[in-house]
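Some notes on the structure that comes next.
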Amino acid sequence: MAITGLGPHGERASAPERVLLLPEDMERARASGFRVAIVLHTLESDWAKQQLSGIVGTLGNCGVAVIDVVDCAFNPELQIEALERLTLEAPDAIISLPVANSKVAAPHTRVSAAGIKLVLLDNVPTGLLPGKDYISLVSADNFGLGKIAAEGLSPHLREGAEVGVLGYDADFFATNEREIAFVKWMQVNRPDVSLRVQRFPALSAVAATTRTLAEAHPELAGLFVVWDTPAMTAARVLETMGRKIPMTTVDLGQEAAIGLAANEPLMAIAAQQPFRQGETAASITVTALLGRLAPAWVALPGLAVTARNVVECFQTVWRMPAPHEVLRKLSLVGLKRSDRHLP
Amino acid sequence: MPTTASVQTDGHPRRKGRPRVSETAAPSLVDILNLVRTEQATTRQEIERYSELGRAVVADRLGTLCELGLVDESELGTATGGRAPRLVRFSADRGRILVATLDQTALGVGIADLAGSLLMEHHEATELTQPVSALAERLVTLFRWILERQSNPQLYGISISVPGAVSDGGEALFQRATPGVLPGWESFPLVETLVAAFNAPVWLRSSVETMTMGELHAGAGRNQRTMLLVKVGKRIGAGLASDGTLFRGAQGTVGLIGSVPVTMGDRTGTLEAMAGSDHIAQDGRHAAENGASPVLAELVRRGGDITALEVAQAAQMGDAASIEILSQSGRLIGQVVATLANMLNPALIVLCGSIAQTNDILLASAREAIYGACHPLVSRDLQIIRSQMGSSSGLVGAAIVATEGLFAAPMLRDWVMSGQPQAHPLFQQMKNEIAQRKVIEGDIVRPPDM
């Protein structure tokens, strides 16, 4: 699938193949004994675990030692502290997911000013420039993810429907792109639809924001939420309000996959590929450490997931079998051989 | 709140007799605000010294500026023996500037503070060939989105980088009508639409000019006085910063070097046609067809399209034919730029545009041509680098264009007393004209479409 978005500074996307490591690259990296630290927004989510596993595995293949993995718990202060501590330890590179914008810009700039190669995941604090303040950004094609979610919701919307958009009230590249793309797709392809946008400032405020949106618009007939964790909270709130609204979101989390398999309330999901994103981030890091030119933005396409392909997409994304509940809802388990209808 | 200044410009004669307080205050307010804004003066003592105004006048004017929210005196500086001096700071957060870059294939929008620092940006693919009305509609939608995300701050100006020279005589305070930058633009009132939608003055500059400003203030050109920027894309243009400011020329159309004729072998054409991205893509397609480039041929075989970026990527991967195509472009560009360098003696030459920024080969061959053709005195300390700001340089530069426009003495003195540029009499006049035109257009009974 083609990349439809542009990078944080208007860069055209480069494909992950641009930083493919050849056996001789790996050999050179192994001989150099590089040290790399990783600073993530959280280590709790499946997405973060998969991304980390992609990074660590690929670095391991190249003989690069991961000297620290920091969980910032979405807290800018913790991230600033971690970056300052790690800068003193002087690893060859730091792979970081900036949890905020201007708040964490200065400590990230100090990392590269100290001669440490900085590779960013998913977000770039405003003012930081590729080539100068960081090597590369690795992210999903978030603009494309927003479009996939809009395309997935559209067939479930009647003519003239009101559609809610639950955005994230923080200046975060990934969620901004998804929201803009969803709204743009609807305005271009479904001009009959009225969009009602509300944004939540934190995960703890999702329930209240959903309630406000649903109460203000009793005719709401569709909902897009910018990622799966708040989407599932919103789904629960709507259920308690007795509202059945078709939804789409981004990221194929376990709970979201179950909702999608049941075709209720999730109709489609635009899935990122965190493991591949992790592998790519590690490849870029090694490419930069070997002194080769790295592209400013490497983007990975999203997957359009519906109940029909949720099982294989779950396996592709998470590198593990789909949850039993998903398989059961799709009648792939718990049936006698004679009951199965083969296509 | 002080009343609007009644200083008249544009040929209106001053009244006879003793000037009103607002008239005498405006020039000193302009001087003081600009001393503080440019950080030339950071304490009252420094303001008195640089402005040569008395203590009482400075205190009075600072009081006014603080009241208007343009200056802040709440911070204390470092004591050098006695009491710590109160720091006088420009309140860059008093207002915001909307910025945008329009180029052949992308639209970028952003928002900046009054110091020109970019706070938020977004870029998306677009086609410049679509009607201006559709482009304007998208621009307005994205501007509204970004203002909403910033809790609808007070807007001081809008500045847009456009893909063509903005010919305005170089002396307009701000844009008072939509210039015909591109074919079709003269028939759509882009500037008037933005003024009507956002109630703020608009500035338009060519993309090369805004990129030059961006590079000079926030990129590689920081701390440089003389810089030449060369943008390589479908069009090739140059921007010149001289003595720390943008040089716009007599008509505001400096740097149209793409139309310089060049010769390569038996072929002669303009620099744009012989070295621009269209030419690179075309040569790439030839190389794929005649088998000279196995990498590009493979791309075509798999259904891929060849643009200049594919040729640049193939060159980066070591494809000999692609390397030659880019080297040739770099050499031609270098030859023309060398002539400019010999004439202007810049300290720094920055190459920008997606091809120049992602490709070492074009940069290397341009460098070779420039150093080879420059006078030794010109090339001795000359630095030639690629831009590291990407499309952000256009947004940052657009913000600087607006801040310089807003706070230029001839503009500022007519709005400073009210604290808002919307109070400028020429802006008020423009708004009235737009409103009147709407009324007249509403009255006209159009014949039915046939």
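Observations
- Scaled against 2.2 N^0.38 Å for its residue count N, the alpha carbon radius of gyration of region A:62-206 is 1.29.
- For region B:230-373, the fraction of C-alpha pairs farther apart than 19 angstrom is 51 percent.
- Simple label model, 7 Å out from Cα along Cβ direction - B:Val300 to A:Glu27, nm: 3.5 nm
- Coarse-grained scattering of region B:21-92 at q = 0.25 Å⁻¹, given as base-10 log I(q)/I(0) from a Debye sum over alpha-carbon atoms: -1.18
- The Stokes-Einstein estimate for region B:107-244, based on a Kirkwood radius over Cα pairs and taken at 20 °C with 1.002 mPa s viscosity, is a diffusion coefficient of 132 µm²/s.
- Cα gyration tensor category, rounded, prolate or oblate, for chain A with a/c compared to 1.5: prolate
- Of B:Gln130, B:Gln429, B:Gln313, the one that fluctuates the most in a GNM where chain B has Cα springs shorter than 10 Å: B:Gln130
- Mean projected area of the convex hull spanned by the Cα atoms of region A:211-306, taken over all viewing directions: 7.5 nm².
- Across region B:179-333, the relative contact order, built from alpha-carbon pairs under 8 Å that are at least six residues apart, equals 13 percent.
- Gaussian network model of chain B, springs between alpha carbon atoms under 10 Å - residue of B:Gln45, B:Gln335, B:Gln104 with greatest fluctuation: B:Gln45
- Cα-derived Rg to Rh of the protein assembly as shown, Kirkwood definition: 0.99
- Value of relative contact order over region B:21-92, rounded to a whole percent, pairs C-alpha under 8 Å and six or more apart: 32 percent
- Separation of alpha-carbon centers, region B:285-325 and region A:204-229, rounded to whole Å: 49 Å
- Cα centroid of region A:91-166 to Cα centroid of region B:68-133, whole Å: 21 Å
- Enclosing the Cα atoms of chain B in their convex hull gives a volume equal to 207 cubic angstrom per residue.
- Estimated distance in nm for a label pair at A:Phe74 and B:Gln150, the labels positioned 7 Å out from Cα along Cα-to-Cβ: 2.6 nm
- Helix A:206-216 and the longest principal axis of the C-alpha atoms of chain A enclose an angle of approximately 40°.
- Measuring r between the beta carbons of B:Ile440 and B:Glu186 and using R0 = 25 Å, the FRET efficiency lands at 0.85.
- Kirkwood Rh in Å, taken over all unlike Cα pairs in region B:40-148: 17.1 Å
- Within a Gaussian network of chain B (alpha carbon springs, distance under 10 Å), most fluctuating of B:Ala112, B:Ala250, B:Ala165: B:Ala250
- Normalised per residue, the volume of the convex hull around the Cα set of region A:1-80 (Å³): 147 Å³
Coordinate-derived values only; no laboratory data. Quantities reported herein were computed from a predicted structural model and do not represent experimental measurements. Heads up, the Cβs are rebuilt from the backbone with ideal geometry, glycines too, and the neighbour counts pull from every protein chain shown.
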